[in-house]
Amino acid sequence: MDTKQLAGRYAADLGESGWVLGLGTGSTVAFALERLAERVREGLDVRGVPTSLDTESKCRRYGIPLTTLEEHPRLRMTIDGADEVDPQKRLIKGGGGALLREKVVASASEELVVIVGENKVVDRLGVGFLLPVEVVPFAVPYVLRRLEELGCAPFVRAHQDGKPLVSDNGNRIVDCRFDGIDEPEELERRLNAVPGIVENGLFCGLAGRVVVGKADGGIEVR
């Protein structure tokens, strides 16, 4: 079984009837949704708050009941993936472009359960993966300059035809290439202070359990 599938199915089995769950975005979460749908068919009574239009579409196709933060502003648990996880359980997220909604939903949850394959576990964030930030379109030129001042090489994420990717919120995603991130909490604070940046992909102090799928077929829970 794929390491992501191992982690995703394990996390889906943590949910209990009566819970409202945040449902993340990405290929690892897709495995959790498949297992959650199986449990719903078996009688599990849960509701999900999706973090993207893609996840919403999958849930409707799988038959997972949905709700909103307006109806349930406090969630029992969120299941989501990560692009990188360091030893302090700090994350880089946003490879799928859903970082804003993912951070809102994670912050509204009693626990964020992070599901990853072991290849996503790193000693230092930002060495092997770009850091995404979501930016208001009007502010992109200004934000690019400010990001360069923070020591990275930023560029606007685009489709293969060269047109900028538009997030579910109507914003742009700017990917930032760092030569490693030594102080993620400080960088997160500095990014949040830049006008025009709506959110950034550093998730510090949000992760609860980290579920790691192992190549030998096992699971490690941190």
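Summary table below
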{"item": "Share antiparallel - DSSP beta bridges, the chain, percent rounded to 5", "result": "50"}
{"item": "Accessible area of region 44-156 belonging to carbon and sulfur atoms, whole % at 1.4 Å probe", "result": "51"}
{"item": "Antiparallel bridge percentage (DSSP; both residues within region 95-222; nearest 5)", "result": "75"}
{"item": "Furthest towards positive pole of dipole, LEU144, PHE129, GLY117, structure part region 99-151, Cβ charges", "result": "LEU144"}
{"item": "Solvent-accessible area per residue for the chain (1.4 angstrom probe, square angstrom)", "result": "46"}
{"item": "Bridge type composition, region 58-164 - antiparallel percent by DSSP, nearest 5", "result": "35"}
{"item": "Trypsin sites (Lys or Arg not before Pro) restricted to region 1-84 and DSSP loop, no more than 11 other C-beta within 10 Å", "result": "ARG74"}
{"item": "Descending principal axes extents, region 75-193, alpha-carbon based, whole Å", "result": "37, 30, 29"}
{"item": "Ratio of Rg to Rh over region 76-141 (Cα coordinates, Kirkwood Rh, two decimals)", "result": "1.00"}
{"item": "Convex hull projection area averaged over all views, region 11-99, Cα basis, nm²", "result": "5.8"}
{"item": "Translational diffusion of region 160-209, µm² s⁻¹ [Kirkwood Rh, Cα pairs; Stokes-Einstein; 25 °C; 0.890 mPa s]", "result": "188"}
{"item": "Partner aspartates and glutamates for LYS120 [C-alpha distance under 16 Å; skip if fewer than 8 residues away on the same chain]", "result": "ASP2, ASP80, ASP83, GLU84, ASP86, ASP216, GLU220"}
{"item": "Cα long-axis angle, helix 27-41 against the chain (0 to 90 degrees, to the nearest 10)", "result": "20"}
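The values are calculated or read from the model by the stated rules, or taken from the named source; none is laboratory data. Source: prediction; values computed, not measured. Positions of Cβ are generated from backbone atoms using ideal geometry, with glycine treated the same way; all protein chains shown enter the neighbour counts. Ligands, DNA and RNA are stripped out before the accessible areas are found, and what is left, the full protein with its side chains, is counted by its heavy atoms. Shrake-Rupley method; radii C 1.70, N 1.55, O 1.52, S 1.80 Å.
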